[in-house]
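The values are calculated or read from the model by the stated rules, or taken from the named source; none is laboratory data. Remember, it's a predicted structure, so these values are computed and weren't measured experimentally. A quick note on method: Cβ atoms are made from the backbone with ideal geometry, for glycine too, and the neighbour counts reach across all protein chains shown.
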Amino acid sequence: MKKKFVNVINKFVTLLKRVRKNLSRYLSTNRLFLTFIIFSLLNTVLLRFFTIHNTLDYKPLICDLALIVIIGSFGYFVKPKKQFNYYFIWLFIFSLMCIINSIYYVFYTSYASFSLIAELGLVGDVGDSLLEKLRLIDFVYLIPLVLYYILHTKLKKGSYYHFVSKVEKSKKCFVSTILVGVILLAFTLVNITYTDASRLVKQWNREYLVMRFGIILYQGNDLVQSLTPKINSLFGYDEAARTFKEFYTALFKENKNKKENQYTNVLEDMNVIFIHMESIQAFLVDMKVNGVEMTPTINKLSKEGMYFDNFYPQISVGTSSDTEFTLNTSLMPANSGTVFVSYYKRNYVSIPKLLKEKGYYTFSSHANGASMWNRSAMHPNLGYDEMIFKDQFGVTKENSVGLGLNDVDFFLQLQSKLEKIESEHEHYMGTLLQLSNHSPFAATDVNPEIYDYFGKLDLTNTYTRIDSKTGETEVVQEDYLKDTKLGNYLITAHYADMALGTFIDYVNNSEYYNNTVFVLYGDHDAKLDKSEYEYYYNYDVETGTLYEEGNANFYNYDNIAHELNKNTPLIIWTKNREVAKKIKTVNHNVIGMYDIMPTLGNMMGFENKFALGHDIFSIGEDNVVVFPTGNFITNKVYYNNTSDSYRILRQVDNKGQLMNVDISNDYINNLKQYMEKILDVSNDIIVHDLIIKEGNNIDDGSSTLEGDDFSG
């Protein structure tokens, strides 16, 4: 018995020695491969650490590791002396991927898309905004590259490559290594839920995908998704067409008996001018700093016209261009890429086209180049007859602010052009895009003469300090917002509002525009970091620190509060007093960018049968605003698709009393299904050009739509 035990021990010791020997040999002959794995994985971990902060989550870690191992395994087919080139190229790709995503995340709170990178030549000066966000930490991902090259140099000086070339069995190494990678990847795939798979396919929420699958799988999936504009039309058409027809057949039947409301045709035969207020957010409305109104013009218009105080843009990576598209068509942005660049040749039902059918002349105007966001191609496709862009303005160094011609000169130089349009056309529709409040909000780069003309904004905070020992008081002024991104934003937003004010003064004093209604909207939020607002809401000027939870002055500005803060103003205003009396109101119902078209259509007498939004005065408190990320908001709840969680929103009755809101699982699940249907149908329309191809084949149950021309 004792001898048997000794034999077992000896065999075990022999096995350990053999394992140790094999492990030692493996480590000594695979230094290049193993270091490649470590450095590549390190970069992916650092990226998540600096962005979504889920460094210790094993799911993305294993997925990244699996793909790195699989990619690395193919290096064994390369001769040892050339393996460094293979691994270095891939390490460079991973490093560059991390740098780009690190910079992009700061700007968009999301991850980069190949489609957007491919479109950089068409987004024009927006690239300056990205450069403004550069941080030194964004280049930490280059360190592994340098260390890897140093390692290669040392191995090259020694006998490593010569030794490995003699002992390495490439096929055996490849098979064993890729098997490990496949097993790790299988572990990831077998643990994904249906929701995970759906999000991966639809690419709605990039932040969630990186959080769940890691940056490498996300970026590979994004590459495939970015190619869909070229190849998607070849696949899935029949299913998309079927879903499209089912959705709109039901919708047409539902709308067949649609009733009129108090605002039906109230603006019929009026001219309409949209004013695209760049990056203006709703929290600025009625806000004062040291007694000065941040947006006095918008404040005034909101009280004189129809004001929607719960309005949300629905943008994706296309930002301003997504807003233009959604407003004009009542469709959502594309799941991949931007409509203005990737799908500009499709046929859309749009506000300019529908108004042209009623005899309207249509135009757009912007103080930047027409190539920005590919507007030179997309605006004519939307139905604009004329484009008044940068080449038709007198732009000089002296009158430029930020990205181009300052808003004051933009509106000033537009006056004669608008008067010419009004005198030559009985009815017209136009879109004016402001520019001065575009990021980067660098007040130091703004022409000081222009700011002196309108008055500088005082952002100092004044407080009384009491000396604890002597009891003496001292009045202290501190400009803690100076040179911060939020501080600069407040200055440029204030300037943009003042510039808008000069235009409204001109309109009020002009003999023109008596039959014109103005629709003013903030196109999207300012893209400021959540930390910027936390600093603003919770900064204690006396101590120079932030209030902590439990302090009476602490404001819980969490992720959902940050999302809710992205709402912008929406105002319908006219100087025509008779019409103004009819529309003057404040609407508190949640409303999205895709609701503007049907709401205004009801008021002006045009209709888009394929609108995904609703006339807010018909749907009222039942409205749902869907976001491209899969999030949605109603009067009752805000749902976050990333965490699959929701927050019940405060509601008050007509007497100002807080109401109890009861949210059931069925309520949330039904809205989730609705959200998915809206995003699917909208994207199918865009990708497969379904309105022109299938729009005439929809039966509303009572009559055929045959003969209608949806091409505009």
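A compact table of results
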read-out	value
Leading residue by the ranking (modelled with the lowest pLDDT) among those in region 685-701 that are farther than 23 Å from Thr338 by Cα and of a type in the set (D, E, K, R)	Asp700
Residue under evaluation Ile388, criteria (1) closer than 18 Å to His276 by Cα; (2) of a type in the set (Val, Ile, Thr); (3) touching a residue at least 60 places away in the same chain (Cβ under 8 Å), criterion not met	(3)
Residues that are over 18 Å from the mean Cα position of the chain (by Cα) and surrounded by 24 or more Cβ atoms within 10 Å (Cβ to Cβ), drawn from region 308-327	Phe308
Flag if Asn54 is touching a residue at least 40 places away in the same chain (Cβ under 8 Å), under 14 Å from Val210 (Cβ atoms) and outside any helix (DSSP H, G or I)	yes
Scan of region 100-111 for residues that are in contact with a Phe, Trp or Tyr (Cβ under 8 Å, 6 or more places away or on another chain) and either surrounded by fewer than 19 Cβ atoms within 10 Å (Cβ to Cβ) or outside any helix (DSSP H, G or I) (or both), ordered by number	Ser110, Tyr111
Some residue of region 284-294 being buried (at least 19 other Cβ atoms within 10 Å of the Cβ), modelled with pLDDT of 95 or more and in a helix (DSSP H, G or I)	yes
Selection within region 458-474 - among the polar types (S, T, N, Q) and either without any contact (Cβ under 8 Å) to a residue 24 or more places away in the chain or not in a loop (DSSP other than H, G, I, E, B) (or both)	Asn461, Thr462, Thr464, Ser468, Thr470, Thr473
One residue from Ser436, Ser400 being out of contact with any Gly (no Cβ under 9 Å at 6 or more places or on another chain) and at pLDDT 80 or above	Ser400
Residue satisfying condition, being touching a Gly at 6+ places or on another chain (Cβ under 9 Å) and either modelled with pLDDT under 95 or assigned to a helix (DSSP H, G or I) (or both), within set Lys253, Lys345, Lys258, Lys303	Lys253
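For (1) crowded, with 17+ Cβ neighbours inside 10 Å; (2) out of contact with any Pro (no Cβ under 6 Å at 6 or more places or on another chain); (3) at pLDDT 80 or above; (4) assigned by TED's automatic domain parsing to the domain that holds Thr29, each residue gets a yes or a no:
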position: Cys63; (1), (2), (3), (4): yes, yes, yes, yes
position: Tyr86; (1), (2), (3), (4): yes, yes, yes, yes
position: Ser95; (1), (2), (3), (4): yes, yes, yes, yes
position: Glu119; (1), (2), (3), (4): yes, yes, no, yes
position: Gly127; (1), (2), (3), (4): no, yes, no, yes
